[in-house]
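Participant: Starting off with a structure, shown below.
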Amino acid sequence: MGRKLLLEKADVEGIRYFDTYRREGGYRSVEKALKSMTPDEVTEEVKVSGLRGRGGAGFPAGMKWSFLAKPEGVPRHLVVNADESEPGTFKDRYLMEFIPHILIEGIIVSSYALGSNRSYIYIRGEYAWIVDILEQAIQEAKNNGFLGKNILGSGFDCEIFVQRGAGAYICGEETALLESLEGKRGNPRIKPPFPAVKGAWGRPTVVNNVETIASVVPIINDGGAEYAKIGVGRSTGTKLISACGNINKPGVYEIDMTISVEEFIYSDEWCGGISNGKRLKACIPGGSSVPILPANLLLKTAKGEQRIMNYESLSDGGFATGSMLGSGGFIVLDEDQCIVKHTYTLAKFYHHESCGQCSPCREGTIWLDKLLHKLEYGQGTMRDIDLLWDVQKNIEGNTICPLGDAAAWPVAAAIRHFRDEFEWHVTNAQEAQTRNYGLAHYADSIEVTA
Amino acid sequence: MVEFTQEKLDQIQQIIARYPEGRQKSALLPVLHLAQEEFGWLSVETMDYVASLLKLEPIEVYEVATFYSMYHLKPVGKFVFEVCQTGPCMLRGSDEIIDYIREKLNINPGETTPDGMFTLKTVECLGACGYAPMMQLGKFYKEHLTKEKVDRIIEECRAKAN
């Protein structure tokens, strides 16, 4: 059983609206923080909680907050990253669409801690209808005295503005997001200076993911120490996982990071098993950028230990035999799926989304796309597979922002674990046009009885 | 000639007020969204108009409008089908949906039907992976697409246009 902190009230009718949300205990954290805590005490609770950034990088949120520069007389800003564009990831959307007030509540408390009187939600442009939901929630919070001037008589002022992007994956990278917020192309900035020192409009800025900010609510309500008791090791609290692909029950789930990957896939409480009684072939556990794993390495580590749905366990074995929890975008592939084709769609994605600023990424993603196209459509050679490996290697680590790595890793992992399938596309080019390679040796050990 | 109504111009002033003084360039993305809603697509004339409203050089508007994939730089149909083709949607059959729409409307991705009614576009991940295959239609998502559902959507669009 998973403990729920964010989605606990998701099924309550009308939870989208202020009155219901408030009646169910909403906005208590604002009262607690503004009436009985100093901003530094709020930050301290977040540090104690061990909360790690939920956007994908997993950087400790409290530490990020403590880096915020506070020069006299210079306004500071909190910017919420709602650009959610990593393929396989749709958790923030769920939170904003169904429980928008938990985000607004988290923003108010976080803004208080950071000293931000004007905070922004940068949301991907395609989530157009969610902009209306958020703006309504903001208006409701304002009408009830939780936003605006002198909130709850504390002397703290706060406004929240929603800014829509316009279709660019790169704007999920925090400095590209800030460029976009300033009305420019989403080209990532060279760091340092980090946003904590020079962010939006040159002012000290903290950029946090939607889920991270929402998690501040239970942390302040129950205390950081209580939050840290949930989970295991450095994977504290709960994590939203958006599960998709060939499973019976795709959707958004909140887990406490102690359940096994096997349980998550096969239990009816979560994904409900592989659809159509098929068998599991492979999985990308943390959004399209993290390494794909064959079933055998997904369910158990190379050491033969059961793999758990948390930061440490999913990365056990490094990239040689492990992956990452990343954004929690859990993509499942069944035995009928073609690894070459799937990798090709991801390469097309990164090619399309590269901002074009760094040559290794701009040119490299074109090559990855073209080479995979050749292989998928039966014109590839063995040399192309080596070339593919070479190109990804030369992108990784050679770009200003992580998009280069994000484009390289899926290709590297696919070749690392499924090289035989790529070679089969060369040796059996005709056949590969009409049927898929199948499960081969990477089958899971779970017998399908259905 | 392109020109916003007074109501829209007031709305733009409210948007500009969200940002620090002198930083009205930050309003560029929202104003381009407004312009596209109002004028259908972003012609050079429209972009120049937006530049004058925000006191920017036209190039500052062009470079932004060409960077983001949601802005239409040429006229589009009354209804734009933006079908996701990225990995998670592909796993759930987006290829067949795209092929079906091509066949049904007799256009390729990037094209518009001769009657100016429909445009088909393939797009990258829209964050609906658990409800795949899917497309964006105007402000909303159409999810769990099947051929029958596509038929229904096309009919609904035609009915709406009449």
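The values are calculated or read from the model by the stated rules, or taken from the named source; none is laboratory data. These numbers were taken from a predicted model, which means no experiment stands behind them. When we count neighbours, we look across all protein chains shown, and the Cβ atoms used for this are built from the backbone with ideal geometry, even at glycine. With ligands, DNA and RNA removed, areas are computed over all heavy atoms of the protein, side chains included. Shrake-Rupley method; radii C 1.70, N 1.55, O 1.52, S 1.80 Å.
Participant: Would a scan of segment B:100-118 turn up a residue that is on the phi > 0 side of the Ramachandran plot, without any contact (Cβ under 8 Å) to a residue 60 or more places away in the chain and buried (at least 16 other Cβ atoms within 10 Å of the Cβ)?
Facilitator: no
Participant: Could you run through segment A:87-106 and say how many residues are in a helix (DSSP H, G or I) and away from chain B (no Cβ under 14 Å)?
Facilitator: Summing the residues that are in a helix (DSSP H, G or I) and away from chain B (no Cβ under 14 Å) in segment A:87-106 gives 7.
The rows are residues; the columns are (1) more than 17 Å from A:A137 (Cα to Cα); (2) assigned by TED's automatic domain parsing to the domain that holds A:G153.
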| position | (1), (2) |
| --- | --- |
| A:R3 | yes, no |
| A:E8 | yes, no |
| A:G25 | no, yes |
| A:E31 | yes, yes |
| A:K35 | yes, yes |
| A:P39 | yes, yes |
| A:T43 | yes, yes |
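Participant: Can you go through A:A61, A:A33, A:A57, A:A10 and tell me which one is over 26 Å from the mean Cα position of the chain (by Cα) and of a type in the set (A, V, I, L, M)?
Facilitator: A:A33 is the lone residue from the list that is over 26 Å from the mean Cα position of the chain (by Cα) and of a type in the set (A, V, I, L, M).
Participant: Can you tell me which residues in segment A:355-380 are open to solvent by less than 20 Å² (accessible area, probe 1.4 Å) and either within 22 Å of A:F90 (Cα to Cα) or of a type in the set (A, V, I, L, M) (or both)?
Facilitator: Hits for segment A:355-380 are A:L368, A:L371, A:L372, A:L375.
Participant: Any residue in segment A:250-263 that's farther than 23 Å from A:E305 by Cβ: show its pairings with residues that are outside any loop (DSSP other than H, G, I, E, B) and charged (D, E, K, R) at Cβ separation under 8 Å, as long as the two are six or more apart or on different chains.
Facilitator: Hits for this filter: A:V252/A:K91; A:E254/A:K239.
Participant: While we're looking at this one, here's another question. Of everything in segment A:21-38, what is outside any helix (DSSP H, G or I) and either surrounded by 22 or more Cβ atoms within 10 Å (Cβ to Cβ) or of a type outside the set (G, A, S) (or both)? Give them in sequence order.
Facilitator: Once the filter is applied, which keeps residues that are outside any helix (DSSP H, G or I) and either surrounded by 22 or more Cβ atoms within 10 Å (Cβ to Cβ) or of a type outside the set (G, A, S) (or both), segment A:21-38 yields A:E24, A:G26, A:Y27, A:M37, A:T38.
Participant: If a residue must be in contact with an Asp or Glu (Cβ under 7 Å, 6 or more places away or on another chain), assigned to a loop (DSSP other than H, G, I, E, B) and β-branched (V, I, T), how many such residues does segment B:114-162 contain?
Facilitator: Residues in segment B:114-162 being in contact with an Asp or Glu (Cβ under 7 Å, 6 or more places away or on another chain), assigned to a loop (DSSP other than H, G, I, E, B) and β-branched (V, I, T): 0 in total.
Participant: Inside segment A:390-431, can you point out the residues that are among the polar types (S, T, N, Q) and part of a helix (DSSP H, G or I)? Working first, answer last.
Facilitator: As a first pass, look at segment A:390-431 and keep what is among the polar types (S, T, N, Q): A:392, A:394, A:398-399, A:427-428, A:430.
Residues satisfying the conditions are A:Q392, A:N394, A:T427, A:Q430.
Participant: Are any residues in segment B:103-136 of a type outside the set (V, I, T) and farther than 28 Å from A:T89 by Cβ, and if so, which ones?
Facilitator: Result: B:E103, B:K104, B:L105, B:N106, B:N108, B:E111, B:P114, B:D115, B:G116, B:M117, B:F118.
Participant: Suppose the filter is more than 11 Å from every other protein chain (Cβ to nearest Cβ), under 20 Å from A:N248 (Cα atoms) and either in contact with a Pro (Cβ under 7 Å, 6 or more places away or on another chain) or of a type in the set (A, V, I, L, M, F, W, C) (or both); does B:L120 pass it?
Facilitator: No: the conditions fail for B:L120.
Participant: Something else about it: Give segment A:39-59 a look and list any residue that's open to solvent by 70 Å² or more (accessible area, probe 1.4 Å) and not in a helix (DSSP H, G or I), or say none.
Facilitator: Answer for segment A:39-59, where residues must be open to solvent by 70 Å² or more (accessible area, probe 1.4 Å) and not in a helix (DSSP H, G or I): A:A57, A:F59.
Participant: Among the residues of segment A:1-19, which ones are open to solvent by 20 Å² or more (accessible area, probe 1.4 Å) and either outside any loop (DSSP other than H, G, I, E, B) or farther than 19 Å from A:E211 by Cβ (or both)?
Facilitator: Residues satisfying the conditions are A:M1, A:V12, A:E13, A:G14, A:Y17, A:D19.
Participant: Any residue at all in segment B:22-41 that is more than 14 Å from every other protein chain (Cβ to nearest Cβ) and assigned to a helix (DSSP H, G or I)?
Facilitator: Taking segment B:22-41 as the starting set, the residues that turn out to be more than 14 Å from every other protein chain (Cβ to nearest Cβ) are B:38-40.
Pick out the ones that are also assigned to a helix (DSSP H, G or I) and you get B:38-39.
Yes; the residues of segment B:22-41 include at least one that is more than 14 Å from every other protein chain (Cβ to nearest Cβ) and assigned to a helix (DSSP H, G or I).
Participant: Just to be sure I understand the filter: pairs with C-beta atoms under 9 Å, separated by 6 or more residues or on different chains, first member in segment A:366-381 and more than 14 Å from A:K341 (Cβ to Cβ), second member of a type outside the set (A, V, I, L, M, F, W, C) and outside any helix (DSSP H, G or I). Which pairs pass?
Facilitator: A:I366/A:S354
Participant: Here's a check for you: in segment A:74-122, which residue that is more than 18 Å from A:G26 (Cα to Cα) and among the polar types (S, T, N, Q) is surrounded by the most Cβ atoms within 10 Å (Cβ to Cβ)?
Facilitator: That would be A:T89.
Participant: Quick one: would you say B:G127 is closer than 29 Å to A:G356 by Cβ and either modelled with pLDDT of 95 or more or open to solvent by 60 Å² or more (accessible area, probe 1.4 Å) (or both)?
Facilitator: Taking the combined requirement at face value, the residue satisfies it.
Participant: Within segment B:1-17, which residues are buried (at least 18 other Cβ atoms within 10 Å of the Cβ) and in a loop (DSSP other than H, G, I, E, B)?
Facilitator: Scanning segment B:1-17 gives a single hit, B:F4.
Participant: Going by what's in this entry, would A:I133 be described as touching a residue at least 12 places away in the same chain (Cβ under 8 Å), open to solvent by 10 Å² or more (accessible area, probe 1.4 Å) and not in a loop (DSSP other than H, G, I, E, B)?
Facilitator: Working: touching a residue at least 12 places away in the same chain (Cβ under 8 Å): yes; open to solvent by 10 Å² or more (accessible area, probe 1.4 Å): yes; not in a loop (DSSP other than H, G, I, E, B): yes.
Yes; evaluated as a whole, the condition is true for this residue.
Participant: With the requirement that a residue be open to solvent by less than 10 Å² (accessible area, probe 1.4 Å), among the aromatic types (F, W, Y) and either closer than 9 Å to A:V332 by Cβ or within 11 Å of chain B (Cβ to nearest Cβ) (or both), what does segment A:250-289 give you?
Facilitator: Correct list: empty.
Participant: Of the residues A:G183, A:G167, A:G172, which single one is closer than 26 Å to B:E57 by Cβ and under 21 Å from the mean Cα position of the chain (by Cα)?
Facilitator: A:G167
Participant: Further question: If you check A:E182, A:E140, A:E126, A:E135, which single one turns out to be modelled with pLDDT of 95 or more, more than 14 Å from chain B (Cβ to nearest Cβ) and within 30 Å of B:Q136 (Cα to Cα)?
Facilitator: Of the residues listed, the single one that is modelled with pLDDT of 95 or more, more than 14 Å from chain B (Cβ to nearest Cβ) and within 30 Å of B:Q136 (Cα to Cα) is A:E140.
Participant: For residues that are within 14 Å of chain B (Cβ to nearest Cβ) and either in contact (Cβ under 8 Å) with a residue 12 or more places away in the chain or within 16 Å of the chain's Cα centre (by Cα) (or both), tally how many sit in segment A:196-249.
Facilitator: Residues in segment A:196-249 being within 14 Å of chain B (Cβ to nearest Cβ) and either in contact (Cβ under 8 Å) with a residue 12 or more places away in the chain or within 16 Å of the chain's Cα centre (by Cα) (or both): 19 in total.
Participant: Could you list all residues from segment B:61-109 that are β-branched (V, I, T), within 17 Å of the chain's Cα centre (by Cα) and not in a helix (DSSP H, G or I)?
Facilitator: B:T66, B:V76, B:V80, B:V83
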